[in-house]
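Each remark here refers to the structure printed beneath this line.
The values are calculated or read from the model by the stated rules, or taken from the named source; none is laboratory data. Keep in mind the model is a prediction, meaning the values are calculated, not measured. Here the Cβ positions follow ideal geometry from the backbone for every residue, glycine too, while neighbour counts run over all protein chains shown.
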Amino acid sequence: MLKIVQLLLPLVIFAGWLYLFFFADLTSEQKSFVVMTTLLLVLLERFYKFFTPIRNTGSVLLLVGPIKSISRFFKFWAAFFLFFVAVSLYQAFSVKVNLLQTIFSIVLLTLFALYSWLFGQKGLEFREAGINDIFGLIKWEMIESYSWVGPYNQTLAMKLRNSLFRINREWIISPQDGEAVNQILEGRGIIQQEQPTES
């Protein structure tokens, strides 16, 4: 039953959005409010998953720390969102604006900034039950195969088993963790796909 709900919920939300934007008689301000409310709910759900302890996933087999270049990228975005927080605060005190909408914008941008910073700090956990990143747990049985791609073969690409709303994942892994990652994945019976060599 839970899987059916998880499958149908995105379709219901998408249908609701289509109705609100194309059939309901809403003003531009009301449509903006709907967009910001939806983004806020998505962010709150992400924060809930981030801070809620993972249950029944076993101990951590390997923790791959954040790559410095990736971490700096998301810290930049955190600073970018904080800049717009400052702009919104300035507008709230110096320009006649919709106060409720401004407060909503400030809260939303602050959460985006915090989430970007947390995203940059988050490491990759290889646990007994699967791989955990900022988006949640990928159970071992969901993974069909893996491969090393990109420059210097530092990007771990996961091919997941067929599912309507399941997206393949990729992570940058530092060279010193590559062998340990291979051992964990091979120990779980996950096949490594060899990349075709250029002739």
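When residue 54 is tested against (1) part of a loop (DSSP other than H, G, I, E, B); (2) modelled with pLDDT of 70 or more, just one condition goes unmet, and that condition is (2). Of all residue pairs spaced 6 or more apart or on separate chains, those with beta-carbon atoms under 9 Å, a first member in the stretch 130-156 that is closer than 20 Å to residue 115 by Cα and without any contact (Cβ under 8 Å) to a residue 60 or more places away in the chain and a second member that is assigned to a loop (DSSP other than H, G, I, E, B) and not hydroxyl-bearing (Ser, Thr, Tyr) are 133/122; 133/123.
Among the numbered conditions (1) part of a helix (DSSP H, G or I); (2) surrounded by 10 or more Cβ atoms within 10 Å (Cβ to Cβ); (3) at pLDDT 70 or above; (4) out of contact with any Gly (no Cβ under 9 Å at 6 or more places or on another chain), the only one that residue 48 does not meet is (2).
Of the residues making up the stretch 140-152, those that are surrounded by 14 or more Cβ atoms within 10 Å (Cβ to Cβ) and closer than 16 Å to residue 186 by Cβ number 7.
For first residues located in the stretch 107-128 and more than 14 Å from residue 86 (Cβ to Cβ) and without any contact (Cβ under 8 Å) to a residue 60 or more places away in the chain, partners that are among the charged types (D, E, K, R) and assigned to a helix (DSSP H, G or I) and lie 6+ apart or on another chain with Cβ distances below 8 Å form the pairs 116/75; 117/75; 120/72; 120/75. For a quick check of your reading: which strands (runs of 3 or more DSSP E) sit entirely within the stretch 84-199 and have at least 1 residues that are farther than 22 Å from residue 47 by Cα, modelled with pLDDT of 85 or more and hydrophobic (A, V, I, L, M, F, W, C)? The strands (runs of 3 or more DSSP E) meeting that bar are 143-149, 155-160. Is it the case, given these coordinates, that residue 76 is at pLDDT 70 or above and farther than 17 Å from residue 135 by Cβ? The answer is yes for residue 76.
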